[in-house]
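Below: the structure, in structure tokens.
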Amino acid sequence: MKTLIKNVNVYTEYHVLRNSSLLIEKGIIKRIGHQHTSDGEVVDGEGLNLIPGFIDGHIHGAGGADVMDGTPEAIKQIAQTVLKEGVTSFVPTTITSEHQEIERVLDIVGELNLKQGAEVLGLHIEGPFVEIKKAGAQPKEYIVKPNVNMMKRWVGKSKDMIKTVTMAPELDMDGELIQYLVDKGIIASAGHTDAGSREIKLAVERGVRQMTHLCNAMNGIHHRDVGAVGAAMLLPDLKSEIIADRIHVTDDMLRLIYQTIGPDRILLITDAMRAKGQPDGTYKLGGQDVTVKQGKAILSDGTLAGSLLTMDQAARNMVKVTGASFRDIIQMASVNPAKQLGVFNRKGSIEVGKDADLLLVDSNFHIQKTICRGVVYD
């Protein structure tokens, strides 16, 4: 199966090819250049922009489905729903729950083989190794101390599909769990943590390389201890997830993060829950009732419980609030997550030989078409 996308501005890693074309063959980018004929499907880009597909490294649900539903159908529903926002691959994310609930998800993802929709790149385990004082929407009754043997079991059950583990690094007193994750090539991400800047520095020395939804469920900047947020700004080895919905992080903080951390270390995520794309109402997250109203998802005590954010809206918000460039958005939503997740050899940029995960967008990141592994979705 061949598909030619013509009359587009192709954003390769280093250049913009104006009024150009791209040929897809068997789901792979075959050729980039000024070719205007093909014996397969032809898509006229009408002068729009062709950019790499977005990668969401932290998402709990969408379209009425949740990862913790523990069924292949739920993952499939999420995979289909997120195509509309330009997500061509994603990392389903668990929430702190009973261990058997998490293990049911591990079993499913380990056996999952989706042929349609956004590609599942692995699994993000958020909790249960978190600080109870920074639980946020993580159910407190299931929080446990870091446990290497438990993680070994989970890695086996997932068939090595675990990509990221969010944990409170200060609870891993001897660094044993962090070391295990590093040895397995799994991203150790500091989140739901009460760590100060000194503890984050130690965690980075041990191998932590990411901050989970920066600013949320962690210590902010203080003049006597810059906290986890200040450490993320100062330590170049750390990349930071950002929920750019203008709810989880204020506009001023978004600007501060963008100006201090910069686009090379920001990972745009949604942290979305099942109500994304659904009407206002009451929904479940980790067995808890979540009230969804006017773009915000909260528990009964007012705690934010995930988001309703889409990746294309995150892109527009970053442009509006921070002045981020077109290139910066590609960096934060495609390049950085691909590199962080270890899939940049096949995703995250437009190059010959890579997966044909592409977006046809206007100058404001409104999605006109999503191309996922060569399949064109309107």
- Looking at (1) over 20 Å from the mean Cα position of the chain (by Cα); (2) part of a strand (DSSP E or B); (3) among the hydrophobic types (A, V, I, L, M, F, W, C), find the lone condition where Val91 falls short. (1)
- Given the conditions (1) within 15 Å of Met332 (Cβ to Cβ); (2) part of a loop (DSSP other than H, G, I, E, B); (3) not hydrophobic (A, V, I, L, M, F, W, C), which single one is not true for Gln259? (2)
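Yes/no per residue for (1) over 23 Å from Leu341 (Cβ atoms); (2) assigned to a loop (DSSP other than H, G, I, E, B); (3) touching a helix residue (DSSP H, G or I) at 6+ places or on another chain (Cβ under 9 Å):
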site: Gly110; (1), (2), (3): no, no, yes
site: Leu114; (1), (2), (3): no, yes, yes
site: Phe129; (1), (2), (3): no, yes, yes
site: Gly136; (1), (2), (3): yes, yes, no
site: Glu141; (1), (2), (3): yes, no, no
site: Pro146; (1), (2), (3): no, yes, yes
site: Asn149; (1), (2), (3): yes, no, no
site: Arg153; (1), (2), (3): no, no, yes
site: Asp160; (1), (2), (3): no, yes, yes
- Item | Gln278 within 26 Å of Gly70 (Cα to Cα), more than 19 Å from the chain's Cα centre (by Cα) and touching a residue at least 24 places away in the same chain (Cβ under 8 Å) | yes
- Query: Which pairs do you get when a residue that is in contact (Cβ under 8 Å) with a residue 24 or more places away in the chain and in a helix (DSSP H, G or I), found in segment 309-320, comes within reach of a residue that is open to solvent by 20 Å² or more (accessible area, probe 1.4 Å) and aliphatic (A, V, I, L, M), reach meaning Cβ atoms under 6 angstrom, with the pair 6+ apart or on two chains?
  - Reply: Asp312/Ile367
- Name every residue in segment 269-293 that is open to solvent by less than 70 Å² (accessible area, probe 1.4 Å) and either among the hydrophobic types (A, V, I, L, M, F, W, C) or assigned to a strand (DSSP E or B) (or both), in order of residue number. Ile269, Ala272, Met273, Ala275, Gly281, Tyr283, Leu285, Gln288, Val290, Thr291, Val292
- Which residues, counting only those in segment 155-177, are under 21 Å from the mean Cα position of the chain (by Cα) and surrounded by 18 or more Cβ atoms within 10 Å (Cβ to Cβ)? Val155, Ser158, Met161, Ile162, Lys163, Thr164, Val165, Thr166, Met167, Ala168, Pro169
- Message: Considering only residues that are crowded, with 21+ Cβ neighbours inside 10 Å and among the aliphatic types (A, V, I, L, M), which ones fall in segment 234-248?
- Response: Leu238, Ile242, Ile243, Ala244
- When segment 35-60 is checked residue by residue, the ones that are buried (at least 24 other Cβ atoms within 10 Å of the Cβ) and either part of a loop (DSSP other than H, G, I, E, B) or of a type in the set (Asp, Glu) (or both) are Gly53, Asp56, His60
- Message: It is to be established whether one or more residues within segment 11-34 are in contact with a helix residue (DSSP H, G or I) (Cβ under 8 Å, 6 or more places away or on another chain) and farther than 25 Å from Gln138 by Cβ.
- Response: yes
- Message: Take the conditions within 17 Å of the chain's Cα centre (by Cα), surrounded by fewer than 21 Cβ atoms within 10 Å (Cβ to Cβ) and not polar (S, T, N, Q) and apply them to Lys2. Does it pass?
- Response: no
- Answer yes or no as to whether Pro92 is of a type outside the set (Ser, Thr, Tyr), closer than 23 Å to Ile178 by Cβ and in contact with a Phe, Trp or Tyr (Cβ under 6 Å, 6 or more places away or on another chain). no
- Query: When you go through Ile125, Ile132, Ile102, Ile75 one by one, which is the residue that is under 22 Å from Met150 (Cα atoms) and out of contact with any Phe, Trp or Tyr (no Cβ under 9 Å at 6 or more places or on another chain)?
  - Reply: Ile132
- Task: Please identify the pairs in which a residue from segment 147-169 that is at negative phi has its Cβ atom under 8 Å from the Cβ atom of a residue that is among the aromatic types (Phe, Trp, Tyr) and open to solvent by less than 10 Å² (accessible area, probe 1.4 Å), counting only partners at least 6 apart or on another chain.
- Result: Asn147/Phe129; Ile162/Trp154; Val165/Phe129; Met167/Phe129; Ala168/Phe129
- Those residues of segment 190-221 which are open to solvent by less than 50 Å² (accessible area, probe 1.4 Å), closer than 15 Å to Asp237 by Cα and outside any helix (DSSP H, G or I) amount to Ala190, Gly207, Val208, Gln210, Met211, Thr212, Leu214
- Message: Among the listed residues Leu358, Leu341, identify the single one that is surrounded by 24 or more Cβ atoms within 10 Å (Cβ to Cβ) and of a type outside the set (Asp, Glu).
- Response: Leu358
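The values are calculated or read from the model by the stated rules, or taken from the named source; none is laboratory data. In this text the structure is predicted, and so the values were computed from the model without any measurement. Don't worry about glycine lacking a Cβ; one is built from the backbone with ideal geometry, like all the others, and counts go over all protein chains shown. The accessibility values were calculated without ligands, DNA or RNA, using every heavy atom of the protein model including side chains. Shrake-Rupley method; radii C 1.70, N 1.55, O 1.52, S 1.80 Å.
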